[in-house]
1. Can you confirm whether residue 430 is closer than 25 Å to residue 332 by Cβ and within 30 Å of the chain's Cα centre (by Cα)?
2. Within the bounds of region 282-295, is there any residue that is of a type in the set (Lys, Arg) and modelled with pLDDT of 90 or more?
3. Among 451, 351, which is small (Gly, Ala, Ser) and under 30 Å from residue 313 (Cβ atoms)?
4. Among the candidates 352, 363, which residue alone is modelled with pLDDT under 90, of a type in the set (S, T, N, Q) and in contact with a strand residue (DSSP E or B) (Cβ under 9 Å, 6 or more places away or on another chain)?
5. Which ones in region 6-27 are open to solvent by less than 20 Å² (accessible area, probe 1.4 Å), under 37 Å from the mean Cα position of the chain (by Cα) and touching a residue at least 60 places away in the same chain (Cβ under 8 Å)?
6. Go through (1) at pLDDT below 90; (2) within 24 Å of residue 284 (Cβ to Cβ) for residue 209 and report which single condition fails.
7. Just checking, does region 420-443 include any residue being closer than 30 Å to residue 269 by Cβ, open to solvent by 60 Å² or more (accessible area, probe 1.4 Å), out of contact with any Asp or Glu (no Cβ under 6 Å at 6 or more places or on another chain) and touching a residue at least 24 places away in the same chain (Cβ under 8 Å)?
8. When residues of region 28-73 are filtered for being touching a residue at least 24 places away in the same chain (Cβ under 8 Å), farther than 28 Å from residue 198 by Cβ and not acidic (Asp, Glu), how many remain?
Amino acid sequence: MTYIVDLDSIIDGSLRKLVEGGRIAGKVLVPAGALDYFYSEAKAGRSVGFTGLQELGRLMSVTSPQVSFEVLQDIKLENYDKLKLAIRDFAARRGVALVTSDPIQAQAAEFAGVKVLYTGAPREGKLRFEEYFNEKTMSVHLKEGAPPLAKVGKPGSWLFVKLSDRPLERAELEEMSREIIERALTRSDSFVEIDRVGSTIVQLSDYRIIITRPPLSDGWEITAVRPIARLRLEDYSLPSKLMDRLLSRAEGILIAGSPGAGKTTFAQALAEFYALKGKVVKTIESPRDMRLPPTITQYSKNYADLSELHDILLLSRPDYTVFDEMRDDNDFRLYTDLRLAGIGMIGVVHATAPIDAVQRLATRVELGMIPSIVDTVIFIDSGQVSKVYEINITVKLPTGLKEEELARPVVEIRDFLSGELEYELYTFGEQVMVIPVSQRRAALTVEEKVAKIVPGAEAEVKDGALIVKLPRRANITAKKVRSLKKLAKEENLDLRFVPRED
């Protein structure tokens, strides 16, 4: 029999396995357009091109008396879709069998009366890179010319372990990469998320895999990351006050933390929590590595532009959208637009301190809009919630300033559980100031506190009394007198007023 091969059966290695297993006999036609396609993709640095060329090389090296190969010059490359169509039409016109692992191509060919040898059965068994994982492995780091390494433990408590003393060779990493891409193309729960010149990001079931190669990197490298824990929100033992806020008031949430701290794991738990409460939840991810129930739709930022995602989310009206890995201005702009449109937003950002998450937003939006966009900041450290901020805005004299005419809108950032004011954000000239209030307050002397209550007043502590020296035209209100009495009581002093000597 004569066969013509489709692109997919070459890429995933299924045609080669048929030949090696002696399950196919006759002449096999390889379209010249397929060679051109793989060459152009490899030239552009995309992994599918390298994989296709490698598979063709391995296929041609198989020695079998039952099979002969011929390059079919009749089918040239125009584009991917036209090449697939040309292969199908050739099979229909010449009466040859089509070998394909693409279910849509197979269905269309059968409808056209073509005999189809379908090779798209799901692949089973462990891939080679999975052999480096055990139940406690968080990630595996494989680099050409270096021994394999792994992070073992849990977020915030892990060890970097050498898995072997033998350095890995380039051929081994190329073979692993080919296996990963083949499996991703044939499994319904896996996909190639990003394929760029020099790098490929694959979501293979629970594994997030980053493949880099020259010229981007100095050698082939594979990094595979796997979540080792799937937690529910109840597993974090959150205070009831915070749980009440998440249920009733928190609609603009930022989840912050350093890489590997457990931000995405917490965001995943929060998404499931809202879904179980009857909320419509969707996610924007890059890559889509959250493990979520089918009721939550996961969108990829890499397969649509942000304006398309904006339209989809506005029209589908979710109660909450989880935006994983917000990195650039466009990501923050989409988060802001959706939040101001009334959609509950949960954003995940990298930050080394809780206040850094707010500062990343403050550089991108007007100061007065921040509390309308974000009302709650949750900081994750070592897999646990270590800090929660609530954000409000008021008009007042910023801490540390003395003249009343300097009052202005101030964004207050308070510790949610204690209510203590920790930071103030306000404009001073053309600058946005982020001031750590708690440290400044601790450093204030009694004299400075008096001057803050009554601008222009002087004070001294003498003989067990707080002596307040008032300027001639001081504006002393009943509220200021009460504040001074409270201060004197806190310092265990008597209060006396005297005129200031000008």
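1. no
2. First pass over region 282-295, keeping only residues of a type in the set (Lys, Arg): 282, 288, 291.
Filter once more, so that each one left must be modelled with pLDDT of 90 or more: 282.
So far as region 282-295 goes, yes, one or more of its residues are of a type in the set (Lys, Arg) and modelled with pLDDT of 90 or more.
3. Working: 451 fails: under 30 Å from residue 313 (Cβ atoms).
Selected residue: 351, the only one of 451, 351 that is small (Gly, Ala, Ser) and under 30 Å from residue 313 (Cβ atoms).
4. Matching residue, one of 352, 363: 363.
5. Answer for region 6-27, where residues must be open to solvent by less than 20 Å² (accessible area, probe 1.4 Å), under 37 Å from the mean Cα position of the chain (by Cα) and touching a residue at least 60 places away in the same chain (Cβ under 8 Å): 6, 7, 9, 11, 12, 13, 14, 15.
6. (1)
7. no
8. So the answer is 11.
The values are calculated or read from the model by the stated rules, or taken from the named source; none is laboratory data. Being a predicted model, the structure only gives us computed values, none of them experimental. Here the Cβ is made from the backbone with ideal geometry for all residues, glycine too, and neighbour counts use every protein chain on show. For accessibility, only protein heavy atoms count, side chains too; no ligands or nucleic acids. Shrake-Rupley method; radii C 1.70, N 1.55, O 1.52, S 1.80 Å.
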